[in-house]
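*Asks:* Submitted below is the structure of interest, expressed as structure tokens.
Just so it is clear, none of the values below were taken in a lab; they were calculated from the coordinates. What you see is a predicted model; the values in this text were computed from it and never measured. Virtual Cβ from ideal backbone geometry, glycine too; neighbours counted across all protein chains shown.
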Amino acid sequence: MLAPMAIGKAVLLAAGRGTRLGALTAATPKPLLAMAGRPLIAWIAGGLMAAGIRDITVITGYMAEQMERWCRGFEAANPGLKINAIRQAELNGTAGAMLAAREWLGGVERFIFGWGDILMDPQNYPRFGKAAEAGNYDLLMAVNEMEDPWRGAAVYLDSEMRVTRLVEKPPPGSSTTRWNNAGLFASSSILFRYLERVGRSARGELELPQAIAAMIGAGCAVHAFAVSGFWSDVGTPEDLEAARRQFAQS
């Protein structure tokens with residue numbers, strides 16, 4: 001495990017379309033959907049900036065040109081921030097997207113990464129950033145509490161907030177934990193050893209949660225950090241409208 005150090009780089013995975021949103025993403029990638037006057041991803045990038053991140057890369061795929069234009073504009077509007085886009089050559093899943101960022105990370109010991117389309121209360125980002133700098137983990141996973149984590153990933157914890165099991169998209173009503181994978185992480189470079197070994201899932205994709213599950217199984221220090229307040233994966237049109245109402249009040 002690593003000693004405390006500042007974290008300067010973050011990766012946002014934003015290559016997918018968001019198919020459950022239907023026609024809403026026919027001409028606009030999900031991370032660029034409007035959210036209280038700003039693109040959805042702008043709220044996430046702003047949260048990372050509040051956590052001290054000044055160098056962000058966005059992994060793009062679906063409608064990559066739109067994402068690239070947004071990156072250029074967001075960087076120009078935020079002096080001191082570097083933000084660039086890397087295209088995922090093959091849209092083969094989130095593990096493949098994360099592997100596309102390895103060269104850009106340049107061997108840094110620790111970095112933050114997350115989904116470019118999951119919203120949470122902005123106050124969580126500085127809190128998560130401080131926890132990430134503590135260094136007592138191989139991978140730190142943000143988790144949020146919900147009635148039933150069947151839409152995301154059920155996260156099982158011990159009494160010290162160490163992750164003991166991760167179950168991706170469990171059947172509704174089957175989980176005995178209320179903790180859900182909140183889609184924000186900090187990691188050491190050890191993550192890439194496990195990403196390289198991931199095989200295709202039943203959906204035919206290389207899925208990042210499989211690598212995290214393998215880390216847990218191998219005894220890596222995978223810890224959880226509880227986030228609070230509003231959280232949404234903005235997966236459906238109803239989710240989008242609820243998030244817009246929430247962030248309009250921010």
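*Asks:* Distance check, please: which entries in LYS82/LYS169; LYS82/LYS130; LYS9/LYS30 exceed 27 angstrom between their Cα atoms? Before the final figure, lay out each step's value.
*Replies:* Numbers: LYS82/LYS169 34 Å; LYS82/LYS130 21 Å; LYS9/LYS30 23 Å.
Check vs 27 Å cut-off fails for LYS82/LYS169.
*Asks:* Below 8 Å between Cα atoms, with a sequence gap of 6+, how large is the relative contact order for the chain in percent? All intermediate terms of the calculation are to be shown ahead of the outcome.
*Replies:* Numbers: 506 pairs, mean separation 61.1, N = 250.
For the chain, the relative contact order is 24 percent.
*Asks:* Could you calculate the contour length gain from ALA76 to ALA214, that is, 0.36 nm times the residue separation minus the distance between their Cα atoms, to one decimal place in nm? Don't skip to the answer; put the middle values down first.
*Replies:* Details: separation 138, 0.36 × 138 = 49.68 nm, distance 3.95 nm.
That works out to 45.7 nm of additional length.
*Asks:* Could you derive backbone 3J(HN,Hα) for region 165-178 from the dihedral phi with the Karplus parameters 6.51, -1.76 and 1.60 (θ = phi - 60°), listing whole Hz in sequence and x where the residue is Gly or Pro?
*Replies:* Result, ordered by residue: 7, 10, 10, 7, 6, x, x, x, x, 8, 7, 10, 10, 9 Hz.
*Asks:* Now a separate question. Using unit Cβ charges (K, R positive; D, E negative) and no other charged atoms, how large, in debye to the nearest 20, is the dipole of the chain about its Cα centre?
*Replies:* Values: 25 positive and 24 negative charges, 63 e Å.
Rounded to the nearest 20 debye, it is 300 debye.
*Asks:* As a test, work out the antiparallel percent of DSSP beta bridges whose residues both lie in the chain, rounded to the nearest 5. Each step should come with its number before you reach the end.
*Replies:* On the way: 22 of 43 bridges.
Roughly 50 percent of the beta bridges in the chain run antiparallel, per DSSP.
*Asks:* Per the helix-only calculation at 222 nm, which mean residue ellipticity applies to the chain, given -39500 (n - 2.57) for every DSSP H run of n ≥ 4 and division by its residues, nearest 500 deg cm²/dmol?
*Replies:* Values: 8 runs with 73 residues, N = 250.
Computed ellipticity for the chain at 222 nm equals -8500 deg cm²/dmol.
*Asks:* Something else: Counting only DSSP beta bridges with both residues in region 1-126, what percent are antiparallel, rounded to the nearest 5? Each step should come with its number before you reach the end.
*Replies:* Values: 2 of 18 bridges.
Here the antiparallel bridges make up roughly 10 percent for region 1-126.
*Asks:* Roughly how large, in nm² to one decimal, is the mean projection of the convex hull of the alpha-carbon atoms in the chain?
*Replies:* Values: hull surface 50.5 nm².
Averaging across all directions leaves 12.6 nm² for the Cα convex hull.
*Asks:* I've got another one for you. Translational diffusion coefficient, Stokes-Einstein: compute it for region 127-250 using the Kirkwood radius over C-alpha pairs as Rh, at 20 °C and 1.002 mPa s, and state it as an integer in µm² s⁻¹. Don't jump to the answer; show the numbers that get you there.
*Replies:* Numbers: Rh = 15.5 Å.
In µm²/s, the coefficient rounds to 138.
*Asks:* Divide, for region 202-250, the radius of gyration over alpha carbons by 2.2 N^0.38 Å, where N is the residue count. Show your work: numbers first, answer last.
*Replies:* Numbers: Rg = 16.3 Å, N = 49, 2.2 N^0.38 = 9.7 Å.
Ratio of Cα Rg to 2.2 N^0.38 Å: 1.69.
*Asks:* Grab the alpha carbons of region 1-101, take their convex hull, and tell me the volume per residue in Å³. Intermediate values should be presented prior to the final figure.
*Replies:* On the way: hull volume 11.7 nm³, N = 101.
Taking only Cα atoms, region 1-101 has a hull volume of 116 Å³ per residue.
*Asks:* Residues of region 75-115 with the amide nitrogen closer than 11 Å to a label point 7 Å from the Cα of SER189, along Cα-to-Cβ, please.
*Replies:* Only 103, 105-110 fall inside the zone, counting backbone N under 11 Å.
*Asks:* Quick one: if you stick a label point 7 Å off each Cα along the C-beta vector at GLN123 and ASN84, how many nm between them?
*Replies:* For GLN123 paired with ASN84, the spin-label model returns 3.7 nm.
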